[in-house]
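Q: Input: one structure, supplied below.
What follows is calculated from the coordinates using simple rules that are stated; it is not laboratory data. Because the structure is predicted, anything quoted here is derived from the model rather than measured. Neighbour counts are summed over all protein chains in view; Cβ atoms, including those assigned to glycine, are modelled from backbone coordinates with ideal geometry.
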Amino acid sequence: MSVLVQITAQYYENYGFSEGKIYWKPKGSLTYHLRADDDCFLYQPELSVEVIKEMLKKECNEAVKVEYLMHELIFHEPLELQEAEFDSLYTQFIEKKYADATI
């Protein structure tokens with residue numbers, strides 16, 4: 001079955017690039033998505049990770065690089081919670097938490 005594979009990678013910038021040097025500094029993470037057969041990841045996980053790492057090499061150059069950190073198989077589309085409900089509940093929780101506070 002085709003599933004969404006969510007890949008997390010570390011993003012680096014080469015701070016020495018303009019001087020012809022190498023000084024990789026981590027700048028945060030990147031998220032990649034890939035549709036693939038879940039059998040690849042369930043029965044050959046190491047091989048699947050090696051393929052991902054090879055694909056990520058194409059994202060790299062002398063100034064930036066990305067390194068594989070982890071992946072997760074997503075078997076269904078994300079479910080959405082409503083912003084208005086969150087805001088309403090958040091306000092209620094804040095009011096309850098600080099109801100007895102004195103100034």
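Q: Please give every one of the aspartates and glutamates within straight-line cross-link reach of residue 58, meaning a C-alpha to C-alpha distance under 16 Å, and leave out same-chain neighbours fewer than 8 residues apart.
A: The qualifying aspartates and glutamates are 13, 50, 67.
Q: Turning to a different aspect of this structure: So how tilted is helix 83-97 from the main axis of the chain? Cα-based, degrees 0 to 90, rounded to 10.
A: Tilt of helix 83-97: around 60 degrees.
Q: On to the next question. If I take R0 = 25 Å and measure r between the Cβ atoms of residue 91 and residue 31 in this structure, what FRET efficiency does the formula 1/(1 + (r/R0)^6) give, to the nearest 0.05? Present the calculation step by step, with values, prior to reporting the outcome.
A: On the way: r = 31 Å, r/R0 = 1.23.
Taking R0 as 25 Å, the efficiency between residue 91 and residue 31 is 0.25.
Q: Under the rule that an exposed site lies in a DSSP loop and has at most 14 other Cβ atoms within 10 Å, name the longest stretch of the chain with no GluC sites (Glu not before Pro) of that kind, not counting the sites themselves. Display every interim value, and only then the final one.
A: Numbers: sites that count: 59, 62, 80.
With a cap of 14 other Cβ atoms within 10 Å, the longest stretch comes to 1-58.
Q: Considering the dipole of segment 2-97 built from charges on the beta carbon (Lys and Arg +1, Asp and Glu -1) around the Cα centre, which of 73, 84, 55 is farthest to its positive end?
A: 55
Q: Using only DSSP helix segments of four residues or longer, with each worth -39500 (n - 2.57), what per-residue ellipticity at 222 nm results for the chain after dividing by its residue count and rounding to 500? Mind showing how you got there, number by number?
A: On the way: 3 runs with 34 residues, N = 103.
It comes out at -10000 deg cm²/dmol, rounded to the nearest 500.
Q: Something else now. Please give the FRET efficiency for residue 39 paired with residue 82, using the beta carbon to beta carbon distance and R0 = 30 Å, rounded to the nearest 0.05.
A: Details: r = 36 Å, r/R0 = 1.19.
After rounding, the FRET efficiency stands at 0.25.
Q: On full extension of the chain, what length is gained from residue 100 through residue 6, given 0.36 nm per residue of separation minus the C-alpha to C-alpha distance? List each step's numbers first, then the result.
A: Values: separation 94, 0.36 × 94 = 33.84 nm, distance 4.45 nm.
Length gained, residue 100 through residue 6: 29.4 nm.
Q: Chymotrypsin sites (Phe, Trp or Tyr not before Pro), restricted to segment 39-97: which are DSSP loop and have at most 11 other Cβ atoms within 10 Å? If you can, show how the numbers build up before the last one.
A: Values: sites: 41, 43, 68, 75, 86, 90, 93; in loops: 75.
Passing both the DSSP loop test and the Cβ count: 75.
Q: Another question about this same structure. Compute from the Cα atoms of the chain the Rg and the Dmax, the latter being the longest Cα-Cα distance, and quote both in angstrom.
A: For the chain, the Cα radius of gyration and maximum Cα-Cα distance read 21.3, 61 Å.
Q: What trypsin sites (Lys or Arg not before Pro) does the chain have in DSSP loop regions with at most 13 other beta carbons within 10 Å?
A: Counting only loop positions with at most 13 other Cβ atoms within 10 Å, the trypsin sites (Lys or Arg not before Pro) in the chain are 21, 58.
Q: Give the cross-link partners of residue 65 among the lysines, using a straight C-alpha distance below 21 Å as the criterion and excluding same-chain residues fewer than 8 apart.
A: 21, 25, 27, 53, 57
Q: Here's another thing I want to ask about it. Taking the Cα atoms only, what angle lies between the long axis of helix 45-57 and the longest principal axis of the chain, rounded to 10 degrees?
A: It works out to around 80 degrees.
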